[in-house]
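The structure under discussion appears below in the form of structure tokens.
The values are calculated or read from the model by the stated rules, or taken from the named source; none is laboratory data. The structure displayed is predicted, hence computed values, not measured ones. When we count neighbours, we look across all protein chains shown, and the Cβ atoms used for this are built from the backbone with ideal geometry, even at glycine.
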Amino acid sequence: MFKTDPIFWGASAVFVLMLALFAGWHYQYWLALLIIPALLRPTMASLGAARKYVDERQMSLHYRSGNVGFAVTLLMCVFFLAKLELEENHDFEYFAAVIVVGVAAKALFHVVFSRNYREGATKIILVSGLMIALFSIMDARSVGGMLMSALPGLAVAGIGLLSIRYPRPVGILSILAAGLLILLMVTVGQRNSPSWWGLAVGVLLIGVPLVTAGVCLLLGDPPAAEEPGMEGK
Amino acid sequence: MKTNLRRFRFERGELSQQQLAEMVSVCRQTIVSIERGDYAPSVKLALMLAAKLDTTVEQLFQLEEKDYV
């Protein structure tokens, strides 16, 4: 019934550890962390770390069930977000953060796994810029303020368009831009909104995509396989 | 997709599903699913099955009319 391979024993060890931690300290999150043994095998296989322990049919089942599970999780987040917002409980922002981080992580890994680095990087920078602009104008109170707030995001989106023509310079620029934006958020942003977790999500959402895009642009696409009869052309 | 995997398995020394699964490094359930027509194997697995059963992929698997829709 169970495959007794290294992943099974690793997952079992984590399972027992979480139960022991819950027995010692009665916090629900130790039980919630039982998702680690449950998702260890498909996650490792998806990342290419344990292919030999998952056969292709099992992997296909993991992909299909994972997509449905992801959609259900996000819909549950939307439900609880709406519930808390209607109750005027500002904790709804936690659910918004989960949705944004989840969708961003899926999009990011999709680009990385496709190995179409250059095109993917352009998309990442473009979408990140538009998202920054969108979230920036939400707090603005006038049209002029909206335009001013949208400028940094639109600048990032413009950099994304430039990456089509100048991939390597834009790669370096996007890594520098990520550093600058994170610095601004940690200094100016912290003064305006001192919530540490909001800051952490912001840094994650801006820093990770821009740095990933920068690295993708610097790496370039893997060389395409030559077609027969194309030698020397 | 039509499959002759079961027939070839018996013709090649009455291999069990478990034995064939071990030969191509998949689990027995994958062989069961392929034989039932519930799962279409990858090109790599199809080639490995054909090689282990000393036949060709075309002999093992054939497209049906409904597969073209």
### Task
Residues being among the charged types (D, E, K, R) and under 16 Å from B:L45 (Cβ atoms): count how many of those fall in the range A:50-85.
5
### Number of the exception - A:R165 against (1) part of a helix (DSSP H, G or I); (2) modelled with pLDDT of 85 or more
(1)
### Task
Run B:S33 past the list (1) of a type in the set (S, T, Y); (2) within 12 Å of the chain's Cα centre (by Cα); (3) not in a helix (DSSP H, G or I) and report the number of the one that doesn't hold.
(3)
### Task
For A:Y117, work out the one condition from (1) surrounded by fewer than 13 Cβ atoms within 10 Å (Cβ to Cβ); (2) touching a residue at least 12 places away in the same chain (Cβ under 8 Å); (3) more than 14 Å from chain B (Cβ to nearest Cβ) it doesn't fulfil.
(1)
### Query
Here are A:V111, A:V98, A:V14: which of them is surrounded by 15 or more Cβ atoms within 10 Å (Cβ to Cβ), away from every other protein chain (no Cβ under 14 Å), closer than 30 Å to A:I164 by Cα and not acidic (D, E)?
A:V111
### Task
Inspect the range A:30-46 for any residue being within 30 Å of B:L49 (Cβ to Cβ), free of Cβ contacts under 8 Å to residues at least 24 places away in the same chain and charged (D, E, K, R) and give the result as yes or no.
no
### Message
What's the total number of residues in the range B:41-69 that are surrounded by fewer than 16 Cβ atoms within 10 Å (Cβ to Cβ), within 11 Å of another protein chain (Cβ to nearest Cβ) and outside any helix (DSSP H, G or I)?
### Response
1
### Message
Against the condition over 21 Å from A:V208 (Cα atoms), surrounded by 15 or more Cβ atoms within 10 Å (Cβ to Cβ) and not aliphatic (A, V, I, L, M), how does A:S128 come out, does it pass?
### Response
no
### Number of the exception - A:L75 against (1) of a type outside the set (V, I, T); (2) within 30 Å of B:Y39 (Cα to Cα); (3) modelled with pLDDT of 85 or more; (4) surrounded by 12 or more Cβ atoms within 10 Å (Cβ to Cβ)
(4)
### Task
Only one of these is within 14 Å of another protein chain (Cβ to nearest Cβ) and of a type outside the set (G, A, S): A:T43, A:T4. Name it.
A:T4
### Task
Scan the range B:35-42 and give yes if some residue there is touching an Asp or Glu at 6+ places or on another chain (Cβ under 7 Å) and among the basic types (K, R), otherwise no.
no
### Query
On the given criteria, is A:S174 in contact (Cβ under 8 Å) with a residue 40 or more places away in the chain and touching a Lys or Arg at 6+ places or on another chain (Cβ under 8 Å)?
no
### Query
Is there a residue being within 12 Å of chain A (Cβ to nearest Cβ) and charged (D, E, K, R) anywhere in the range B:17-34?
yes
### Message
Residue pairs, Cβ under 9 Å, 6 or more apart or interchain, first in the range A:50-61 and without any contact (Cβ under 8 Å) to a residue 24 or more places away in the chain and within 8 Å of another protein chain (Cβ to nearest Cβ), second buried (at least 16 other Cβ atoms within 10 Å of the Cβ) and basic (K, R). List them.
### Response
A:Q58/A:R41
